[in-house]
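Written out below as structure tokens is the structure these notes cover.
The values are calculated or read from the model by the stated rules, or taken from the named source; none is laboratory data. Please read these numbers as outputs of a predicted model, since none were measured by experiment. In this analysis, Cβ positions are derived from the backbone assuming ideal geometry, glycine residues included, and neighbour counts consider all displayed protein chains. Areas reflect the complete protein model, heavy atoms only, side chains present, ligands, DNA and RNA absent. Shrake-Rupley method; radii C 1.70, N 1.55, O 1.52, S 1.80 Å.
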2 protein chains.
Amino acid sequence: MTGEKRVAAGMAGEGKVMLDLDRVRLAARRLDRVAHKTPVVTSRTLDGLCGAGTRVYLKAECFQRAGAFKFRGAYNAVAALDAAQRARGIAAWSSGNHAQSVSLAAKLHGSSATILMPKDAPAAKVAATRGYGGEIVFYDRYTEDREILARDLAARRGLIPIPAYDHWDVMAGQGTVALELIEEVGQLDILLVQVSGGGLAAGSATVLKALCPEAKIYGVEPEAGNDTALSFAKGERVNIPVPHTIADGQQVETPGKLTFEVNKRLLDGILLVSDQEIANAMRFLFERCKLVVEPSGASAFAALLREPKRFAGRRVGVTLSGGNVGIERFCDLMNRFPPGAGRAAP
Amino acid sequence: MTGEKRVAAGMAGEGKVMLDLDRVRLAARRLDRVAHKTPVVTSRTLDGLCGAGTRVYLKAECFQRAGAFKFRGAYNAVAALDAAQRARGIAAWSSGNHAQSVSLAAKLHGSSATILMPKDAPAAKVAATRGYGGEIVFYDRYTEDREILARDLAARRGLIPIPAYDHWDVMAGQGTVALELIEEVGQLDILLVQVSGGGLAAGSATVLKALCPEAKIYGVEPEAGNDTALSFAKGERVNIPVPHTIADGQQVETPGKLTFEVNKRLLDGILLVSDQEIANAMRFLFERCKLVVEPSGASAFAALLREPKRFAGRRVGVTLSGGNVGIERFCDLMNRFPPGAGRAAP
């Protein structure tokens, strides 16, 4: 198989799912000793809040390399390339964590990365991407189409594009989060994952349904960024304007083509959370669990914290997907969304 | 041995050290499945900052029950009591973490706790102590002598006093932090621990010198709270006014009687850090390591971050002793001590 064809194998396949437990296990082998096996955090306070017999397992991907689960998928996709492809360099477009992850993954493989980032991406994420050696090209996310810009950039410079989610090896890499969690804590009844483009959800659902066939998996979106919820309701991919939400990692306009193929079959539903609830979740994780979690990283947990009794007596996995938030932004968010405002945390 | 004598055995022994590796191992057995085995956090960025070949191991006691290492010593001391003593109830005096820990330890043993706390103790610590069922009696730390008040309270109510550090079983419990760290990562060259009353330092030094005889251990104090540094220089315990420092867990006026007996023999020196350096350390731990660490919990790390090259090529353990800081206080501290002010972090 030529290099071009292998890239195609990662990105093609609309209407045909090329993701299964074996592909995730292959990713896990590639990531062994490269990605961190992130800790699973538990809290008796939290279990008690949900009710007798509940066990909540927080998979803390804020401790992943480059600060988020995105490293897993990016590294797996770069690892799947051959030497000639890596020599050409990687192109990616991302609001942040995928940018950092592709930069680091490229560097670890002796390749290079060029990243298209929105001008209003958080400063900490821009700085971190540069720190890993990525070259950044800025665009305006509210007026320009990043996919067209990115494909144009890749074509002009001869780069290999690695999208943030619409790629089977990226999805397989993200699936290793759920694989590790289940290997560590055993059977789950419920898994909550944040949904942005849908790569983490697709990888997680593939693993969960294979290993815990009775378990339910719910994707969680910010209320303002409910493109997957709307798409589920309509049965096809729906476009929304760029959502204004504090969850900068979840500001997508539409589900991925390939991820939607997986998620529409495997997810048991989508839960929506408000920005206030996301801030409440960040506050709880900071003060009670001593964890720094960024807004999109806290949204799955926000769905649990909003109605904890709903999960009573169950074994619940929750993915805290990343921790890349600077202190100034964190404190500004906590100030704008004080405790007790809006729908309160318990 | 009667109950009274066993309490005496924990608190007596000035001039005679009743702490060794066996006493720490006994504490570890009591704490097994009760205390958390806290994770050891590593960071390639941090290792690189120190120089080639350096390995820094952060023992994250912010994830300990009740949010700090103090739970270990308090639980071990309560576990050493007999049923009749526990029935009388426990008395303790503390600026915060020991208060929470004694309350929780008493509750877990079916006992009760009465805690003398300074009026200006952080609100989060007061609330947490109450949350664990402790009864609080307030005093003014700048005008009243808490030891006299506490002993008076204990005598009037017939309670068993458990001091925050001057007690062999408390020190033995704190020593389990170093024991776990060395059991997990192997031999260390250097261990950095914060020094307040000296219980964590005494327990840690006892373990380190037994298991890694060549290793050095340094205690770290805030510049304003340099009572142990002054005491080391003079060769006897020195009293200072209540120090004004952001490290509320290190606002002691003099080293403990018993802890000083241990520390003057086993510590290789005391390092001092400024409040700005402590804030820099909290910032680094938040943004780079995604950890919430309170000021006194970050002071040992501040000593490393101040002069990272000093530790080049070594295997360095650093105890992050606790994470009990509310978001409002955390953000206020970060605002008062912005990055780049004072002696900068690298």
(request) Could you pull out every residue, at least 5 positions away or on a different chain, whose amide H is within less than 5 Å of the one on A:PHE138? Hs are placed 1.01 Å off N in the peptide plane, and Pro or chain starts have none. (result) A:MET117
(message) Among B:225-234, A:287-296, how do they line up by average Cβ neighbours within 10 Å per residue, starting with the highest?
(response) A:287-296, B:225-234
(request) Just give the residues from region B:53-76 buried by at least 40 square angstrom of accessible area in the all-chains context relative to the isolated chain, probe 1.4 Å, and say none if nothing qualifies. (result) B:PHE63
(message) Could you check the spin-label model distance between A:ASP189 and B:GLU223? Points 7 Å from the Cα along Cα→Cβ, value in nm.
(response) 5.5 nm
(message) Given all pairs of different Cα atoms, what value in angstroms does the Kirkwood hydrodynamic radius of region A:70-161 take?
(response) 12.8 Å
(message) Let's test the formula: R0 of 45 Å, r as the Cβ-Cβ distance of A:VAL242 and A:LYS37. What FRET efficiency results, to the nearest 0.05?
(response) 0.80
(request) Please tell me the relative contact order of region A:190-299 in percent, rounded to the nearest whole number, where contacts are Cα pairs under 8 Å and at least six residues apart. (result) 31 percent
(request) Would you tell me the mean number of C-beta atoms belonging to other protein chains that fall within 10 Å of each C-beta in B:332-340, as a whole number? (result) 1
(message) What does the copy distance list look like for B:ALA83, label position 7 Å along Cα→Cβ, in nm and ordered from shortest?
(response) 7.5
(message) Would you report the distance distribution of C-alpha pairs in chain B as whole percents per 10 angstrom bin, up to the bin with the largest distance?
(response) 6, 28, 37, 23, 6, 1
(message) I'd like the FRET efficiency for B:GLU253 and A:ALA123, computed as 1/(1 + (r/R0)^6) with the beta carbon distance as r and R0 of 41 Å, rounded to 0.05.
(response) 0.45
(request) May I ask you to give the percent of accessible area on region B:70-161 that is carbon plus sulfur, with a probe radius of 1.4 Å? (result) 53 percent
(message) List the Cys residues of chain A that have no partner Cys with a C-beta closer than 4.7 Å.
(response) A:CYS50, A:CYS62, A:CYS212, A:CYS289
(message) Placing +1 on the Cβ of each Lys and Arg and -1 on the Cβ of each Asp and Glu in the protein assembly as shown, which of B:ALA91, A:LEU191, B:ALA233 has its Cα farthest towards the positive end of the resulting dipole?
(response) A:LEU191
(request) Partner chain Cβ atoms within 10 Å, averaged over the residues of A:106-115 - can you pull that number for me? (result) 0
(request) At a probe radius of 1.4 Å, figure out the B/A buried accessible area, summed over both chains, and give it in Å² to the nearest 100. (result) 2100 Å²
(request) Hey, can you grab everything whose amide H is under 5 Å from the amide H of A:LYS216? Only 5+ residues off in sequence or another chain; H modelled, so Pro and N-termini drop out. (result) A:ILE190, A:LEU191
(request) Give the distance, in whole Å, between the Cα centre of region B:102-130 and the Cα centre of region A:211-259. (result) 44 Å
(message) Which residues, if any, in region B:32-47 lose at least 40 square angstrom of accessible heavy-atom surface (probe 1.4 Å) when the other protein chains sit next to their chain rather than the chain being alone?
(response) B:ARG44
(request) Assuming R0 = 45 Å, can you tell me the calculated FRET efficiency for the pair A:ALA87 and B:LYS107, based on Cβ-Cβ distance, to the nearest 0.05? (result) 0.10
(message) With the label 7 angstrom out along Cα to Cβ, how close does B:ASP120 come to the same site in each of the other copies, in nm, nearest first?
(response) 4.3
(request) Please quote Rg/Rh for the protein assembly as shown to two decimal places, taking the Kirkwood radius as Rh and restricting both calculations to Cα atoms. (result) 1.00
(request) Please give the per residue accessible area of chain B, computed with a probe of 1.4 Å over protein heavy atoms only, in Å². (result) 36 Å²
(request) Amide H neighbours of A:ILE160 under 5 Å, at least 5 residues apart or on other chains, H built in the peptide plane: list them. (result) A:GLY89, A:ILE90, A:ALA91
(request) Could you list, in their original order, any pairs among B:LYS59/B:LYS119; A:LYS37/A:LYS290; A:LYS290/B:LYS70 whose Cα atoms are separated by more than 27 Å? (result) B:LYS59/B:LYS119
(message) Can you tell me which of B:ARG237, B:ARG265, B:ARG283 moves the most in a GNM of chain B? Springs connect C-alpha atoms under 10 Å apart.
(response) B:ARG265
(message) Spelling out what I want: for every residue of region A:262-272, take phi, set θ = phi - 60°, compute 6.51 cos²θ - 1.76 cosθ + 1.60 (Karplus), and round to whole Hz; glycine and proline get x.
(response) 6, 5, 5, 8, 9, 6, 8, x, 10, 9, 10
(request) Can you find, among B:LEU285, B:LEU159, B:ALA79, the residue farthest towards the positive end of the dipole of chain B? Put +1 on the C-beta of Lys and Arg, -1 on that of Asp and Glu. (result) B:ALA79
(request) Would you work out the charge dipole size for region A:70-161 about its Cα centre, treating the Cβ of every Lys and Arg as +1 and the Cβ of every Asp and Glu as -1, and quote it to the nearest 20 debye? (result) 260 debye
(request) Take the solvent-accessible surface of the protein heavy atoms, probe 1.4 Å, and return the percent of it on region A:181-281 that carbon and sulfur atoms account for. (result) 47 percent
(request) Any chance you could check region B:306-328 for residues losing 30 Å² or more of accessible area when the partner protein chains are in, compared with the chain on its own (1.4 Å probe)? (result) B:ILE327, B:GLU328
(message) Could you identify the residue of B sitting closest to the B-A rotation axis by Cβ and state that distance rounded to whole angstrom?
(response) B:CYS331, 2
(request) Would you mind giving the mean number of other chain beta-carbons within 10 Å of the Cβ of each residue in A:288-297, as a whole number? (result) 4
(message) With the crude spin-label approximation of a point 7 Å out along Cα→Cβ, what separation in nm comes out for B:ILE148 versus A:ASP145?
(response) 8.1 nm
(message) Which of A:GLY110, A:GLY317, A:GLY203 ends up with the largest GNM mean-square fluctuation for chain A, with Cα atoms connected below 10 Å?
(response) A:GLY110
(request) Kindly give the distances from B:ASP140 to its copy-mates, label point to label point, with each label point 7 Å from Cα along Cα→Cβ, as nm values to one decimal ordered shortest first. (result) 6.2
(request) May I ask for the angle, rounded to the nearest 10°, between helix A:295-306 and the longest principal axis of chain A, with both axes built from Cα atoms and the value confined to 0 to 90°? (result) 30 degrees
